[in-house]
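Novice: One structure follows; several queries about it will come next.
The values are calculated or read from the model by the stated rules, or taken from the named source; none is laboratory data. Source: prediction; values computed, not measured. Note: ideal-geometry Cβ built from the backbone for every residue, glycine included; neighbour counts use all protein chains shown. To get the accessible areas, we keep the full protein, side chains included, count just its heavy atoms, and leave off ligands, DNA and RNA. Shrake-Rupley method; radii C 1.70, N 1.55, O 1.52, S 1.80 Å.
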Amino acid sequence: MVRNEDAFTGLEAAIVLIAFIVVAAVFSYVMLGAGFFATGEAQRSVQTGVAQASSNLELSGPVIVAASNTDDEVAEISFFLRLAAGGASVDMKKVTFTVSTKDEMKTYGYTDVTPTWYANGAEQSTTDQNNMLEKFELVKITIPVDDLTNAIGRNERFTVEVKPDIGAALPINRVAPPDLVKGNNYEVY
């Protein structure tokens, strides 16, 4: 028996080298593609998280309460909302308002409150409003709270939570004034 102990020829070595290079190129292409995909997904996750964690709405001005006809209860709560700096437009039809006291919690939809729109400092007609809160616009929200089972009384703490469909809720914590006289409005802080 004779063994063939011939070495690789140059052509065979070149073929093996090219095969290694092709396999390495395909492998690196797959790895880079997966890395770019993972980076893109991470970036989208961070952007979505930031958008949902930050509120697009902010309070503009004082919170005003109006006394009821019984002198010792709050009839309605009013406040102005505007977009936060860099915030995206908000569809106010999708915003809910939750009023909480120590005894009760009630949620109001957009149709349950009275919105008054302002743009560039002037009140706008409600007929031409698209219900989108946009840059340079304000909306005054008036919530009738006289329908609460346990009315908000003097010196009672209450919270209004403004919940847009996207983004964090805006909590407004206040205390009713100690002197509620029917027909009067009070700024509360």
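Novice: In the stretch 55-109, which residue that is within 18 Å of the chain's Cα centre (by Cα) and of a type in the set (D, E, K, R) is nearest to Met132 (Cα to Cα)?
Specialist: Asp91
Novice: Which one of the conditions (1) modelled with pLDDT under 80; (2) in contact with a Lys or Arg (Cβ under 6 Å, 6 or more places away or on another chain) does Ala67 fail to meet, given that it meets all the rest?
Specialist: Just one mismatch for Ala67, condition (1).
Novice: Just to verify a result, which residue in the stretch 83-109, among those that are within 24 Å of Asn155 (Cα to Cα) and charged (D, E, K, R), is least open to solvent (accessible area, probe 1.4 Å)?
Specialist: If we take residues in the stretch 83-109 being within 24 Å of Asn155 (Cα to Cα) and charged (D, E, K, R), then Glu104 is least open to solvent (accessible area, probe 1.4 Å).
Novice: Hey, does the stretch 46-54 have a residue that's open to solvent by less than 70 Å² (accessible area, probe 1.4 Å) and modelled with pLDDT of 75 or more?
Specialist: Within the stretch 46-54 (the criterion being open to solvent by less than 70 Å² (accessible area, probe 1.4 Å) and modelled with pLDDT of 75 or more), the answer is no, since none of the residues qualifies.
Novice: Now, a different point. Any idea which residue in the stretch 110-143 is nearest to the chain's Cα centre (by Cα), counting only those that are exposed (fewer than 11 other Cβ atoms within 10 Å of the Cβ) and among the hydrophobic types (A, V, I, L, M, F, W, C)?
Specialist: Per the criteria, the residue is Phe136.
Novice: Within the stretch 74-82, is even one residue free of Cβ contacts under 8 Å to residues at least 24 places away in the same chain and open to solvent by 30 Å² or more (accessible area, probe 1.4 Å)?
Specialist: No: zero hits.
Novice: Quick one: which residue in Ala168, Ala66 is within 27 Å of Gly183 (Cβ to Cβ) and either open to solvent by less than 40 Å² (accessible area, probe 1.4 Å) or in a strand (DSSP E or B) (or both)?
Specialist: Being within 27 Å of Gly183 (Cβ to Cβ) and either open to solvent by less than 40 Å² (accessible area, probe 1.4 Å) or in a strand (DSSP E or B) (or both) holds for just one of Ala168, Ala66, which is Ala66.
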